[in-house]
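To start, the structure itself, in structure tokens.
The values are calculated or read from the model by the stated rules, or taken from the named source; none is laboratory data. Just so we're clear, the structure is a prediction, and the values are computed from it rather than from any experiment. Reconstructed Cβ throughout: ideal geometry from the backbone, glycine too, with neighbour counts over all protein chains shown. All accessible areas refer to the heavy atoms of the entire protein, side chains included, with ligands and DNA or RNA removed. Shrake-Rupley method; radii C 1.70, N 1.55, O 1.52, S 1.80 Å.
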Amino acid sequence: MSLVSQSPTLTPRLNVHYLAPGFSVIPPKAIDGLCQNQRSLLFCHGVTIVKISPEVVVKMGAHINFLEVKNMIYIVEKTRIPLFAYYTYGPIDRDPDDYGGLYVAYIFMDFIDGDTLHTAWDTSDVATKTRIST
């Protein structure tokens with residue numbers, strides 16, 4: 001399923017909200033193309049994360065909350081943790097019963113190799129789960 005709207009009544013556009021110096025964003029249609037390669041997909045559970053280079057992933061979806069991005073920008077300002085870009089694309093034509101927004105958010109961030117919380121959770125002991133939850 002493409003996240004790009006096909007409706008003639010909506011005119012989706014790309015709105016860049018954050019862009020690190022020297023970074024160039026990849027447009028939504030190109031990212032949709034990368035999602036066709038199953039080896040590039042890292043995780044899909046309400047949002048999609050796709051590896052676009054050995055160092056960069058893009059997390060995208062209509063369920064990404066702007067607060068998540070604001071928190072990431074705050075962390076970037078206070079640490080050396082990189083955030084490359086954040087943009088929204090829309091409005092998109094979508095099912096209103098899905099509870100997602102009319103804009104798809106794209107967060108470009110550093111790829112760190114390892115297990116996701118989703119995969120590591122079932123193998124973690126109670127003490128580790130409690131520390132993570134706290």
Response to the item:
Residue count, the stretch 45-74, condition out of contact with any helix residue (DSSP H, G or I) (no Cβ under 9 Å at 6 or more places or on another chain), under 28 Å from ASP97 (Cα atoms) and surrounded by fewer than 18 Cβ atoms within 10 Å (Cβ to Cβ), comes to 8
Worksheet item: Looking only at residues in the stretch 116-134 that are part of a loop (DSSP other than H, G, I, E, B) and at pLDDT 90 or above, which one is farthest from ASP32 (Cα to Cα)?
Response: ASP125
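Please work out which residue is modelled with the lowest pLDDT, limiting yourself to the stretch 98-114 and to residues that are of a type in the set (D, E, K, R) and surrounded by fewer than 10 Cβ atoms within 10 Å (Cβ to Cβ).
Among residues in the stretch 98-114 that are of a type in the set (D, E, K, R) and surrounded by fewer than 10 Cβ atoms within 10 Å (Cβ to Cβ), the one modelled with the lowest pLDDT is ASP98.
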Discussion item. Looking only at the stretch 77-97, how many residues end up being open to solvent by 60 Å² or more (accessible area, probe 1.4 Å) and among the polar types (S, T, N, Q)?
Written reply: 1
Item to complete: All but one of (1) touching a residue at least 40 places away in the same chain (Cβ under 8 Å); (2) more than 16 Å from PHE23 (Cα to Cα) hold for TYR87, so report the exception by its number.
Response: (2)
Worksheet entry | Every pair of residues 6+ apart whose Cβ atoms lie under 6 Å, when the first sits in the stretch 113-134 and is among the polar types (S, T, N, Q) while the second is not in a loop (DSSP other than H, G, I, E, B) | THR116/PHE43
Discussion item. Step by step: first the residues of the stretch 15-44, then only those that are without any contact (Cβ under 8 Å) to a residue 40 or more places away in the chain and open to solvent by less than 40 Å² (accessible area, probe 1.4 Å), then the one that is nearest to TYR103 (Cα to Cα). Which residue is that?
Written reply: ASP32
